[in-house]
1. Inside region 34-61, can you point out the residues that are surrounded by fewer than 19 Cβ atoms within 10 Å (Cβ to Cβ) and of a type in the set (Gly, Ala, Ser)?
2. Among the residues of region 158-168, are any among the aliphatic types (A, V, I, L, M), in a loop (DSSP other than H, G, I, E, B) and exposed (fewer than 15 other Cβ atoms within 10 Å of the Cβ)?
3. Where in region 43-142 are there strands (runs of 3 or more DSSP E), lying wholly inside it, with at least 3 residues that are in contact (Cβ under 8 Å) with a residue 24 or more places away in the chain and more than 19 Å from Asp169 (Cβ to Cβ)?
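Just so you know, all these numbers are worked out from the coordinates, no wet-lab data involved. If you're wondering where the values come from, they're calculated on a predicted model, not measured in any experiment. Virtual Cβ from ideal backbone geometry, glycine too; neighbours counted across all protein chains shown.
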Amino acid sequence: MHEKDKFPSSFASSQFVKYVDRKEIKTVVETLGHTISQQYAGQDLVLVGVLKGSMTFLADLARHIRGVRVYIDFVKLHAVGRSKESAGTICLSKDLTTNLVDRNVLIVEEIIDTGRALSFLKKRIQQASPRSVGVVTLFDKPYKRAVPMTAELIGKKLEDSFVVGYGLDLEDYGRNFEDLFSLKYPN
């Protein structure tokens, strides 16, 4: 057996269990793409992916948007000075290069939990005078919110467990898994 063939099956059996399978993810992504196609029919739409996690979702989602002129850009955010006592400061390590003035913008997130980084990003984008700013997330953990933040489009709400796969990682590992896995024994 090749090393690459050991994953994700051995990964799943050791610490994680399959939580959302690829067929359900595909259906959710197609449904979100259809909804976006209807909402922005005949218009321009800038999809803003938040790296690294959103890359898989954004790529699949963009292929399901029809009748909309889609443009894609990315940002990369990170928290500095984060600890148990402090949420830290959100910093941009890669900013947008697309002009957003008078354009529809849809921030694409793979998951929303505390909402801190997303709140920061949405406020920053609003300063660029877009026509509209919305948020689409594949997964949502609303009970984890530290700041008020809701997405206009939500694929699936998740229980309180650590998840890996379909863009979500464990120390940068597992983003390429087609299924979503959750930790067997959450702390």
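1. Within region 34-61, Ser37, Ala41, Gly42, Ala59 qualify.
2. no
3. Values: elements: 44-51, 69-80, 89-94, 104-112, 132-140.
Strands (runs of 3 or more DSSP E) meeting the threshold: 44-51, 69-80, 104-112, 132-140.
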